[in-house]
1. Checking the table A:K3/B:K98; A:K69/B:K9; A:K3/A:K52 against a 29 Å threshold on Cα-Cα, which pairs fail?
2. Rounded to whole Å, give me the distance from the Cα center of segment A:24-52 to that of segment B:95-110.
3. Have a look at the DSSP beta bridges in chain B and tell me what percent are antiparallel, nearest 5.
4. When the expected Rg is taken as 2.2 N^0.38 Å, what fraction or multiple of it is the alpha-carbon Rg of segment B:15-105?
5. Nothing charged except the Cβ atoms of Lys and Arg (+1) and of Asp and Glu (-1): what's the magnitude of the dipole of the protein assembly as shown about its Cα centre? Round to the nearest 20 debye.
6. What's the Kirkwood radius of the protein assembly as shown in Å, using all Cα pairs?
7. What is the log10 of I(q)/I(0) for chain A, computed with the Debye formula using one identical point scatterer on each Cα and no solvent, at q = 0.17, 0.23 Å⁻¹?
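All of the numbers you see were taken from the coordinates with simple rules; none came from a lab. Since the structure is predicted, the reported quantities are computational estimates derived from the model, not experimental observations. Cβ atoms come from the backbone with ideal geometry, glycine included; neighbour counts cover every protein chain shown.
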Amino acid sequence: DAKTTQPPSMDCAEGRAANLPCNHSTISGNEYVYWYRQIHSQGPQYIIHGLKNNETNEMASLIITEDRKSSTLILPHATLRDTAVYYCIVKGANTNAGKSTFGDGTTLTVKP
Amino acid sequence: NAGVTQTPKFQVLKTGQSMTLQCAQDMNHEYMSWYRQDPGMGLRLIHYSVGAGITDQGEVPNGYNVSRSTTEDFPLRLLSAAPSQTSVYFCASSTDWKAQSAQHFGDGTRLSIL
């Protein structure tokens, strides 16, 4: 699986959009981009995933660049409860789910 | 629908003791896995299973055993606990092993080895 690079930390004002970047420059054609988050002391929570098209669900939007070398997770109206560590993971069609590598992620702090 | 249930939530052991961390899922998921998370670090894969009767090693398997006799349960056994195994342990499951399967995680077991 391709490796990912994320900034270690970011701040966001409550009510504003939080844009979390992820670089995956070695991604291959059959690899999906996944985002999870981990709120303090809880298990990781699935947020969204995509292959090449932009995706949106009730939690967030995922924007994948045309060359697929990077992506951005957007939380449209961040709240204090969105403070968490956000993990960007690349997972291939031929790689089992358990071999997803969770790196250090981005610690997002939403401030009042 | 309980999702992924881990027991116990907390445990303190003495060095050399053995114990089993329980994990159960009620979603009929084929794929299950165990991770450990040390303070300030990401998750590291210990063992995983692609279905009942099939298990394999992950990134950090030493000191741990697993078995998968049913689809629902995937226990993790510590054979002889060591202080280096002090960590938070997470169990996860997904529909199958393929790329499009998102993982569902339990709330973790916090284990301290004295």
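1. Numbers: A:K3/B:K98 18 Å; A:K69/B:K9 39 Å; A:K3/A:K52 17 Å.
Over 29 Å Cα-Cα: A:K69/B:K9.
2. 12 Å
3. Numbers: 32 of 36 bridges.
Approximately 90 percent, going by the DSSP bridge assignments.
4. Working: Rg = 12.8 Å, N = 91, 2.2 N^0.38 = 12.2 Å.
So segment B:15-105 has a normalised radius of gyration of 1.05.
5. On the way: 18 positive and 19 negative charges, 89 e Å.
For this selection, approximately 420 debye.
6. Details: mean 1/r = 0.0555 Å⁻¹.
After inverting the pairwise mean of 1/r, the radius is 18.0 Å.
7. Values returned for q = 0.17, 0.23 Å⁻¹ are -0.75, -1.34.
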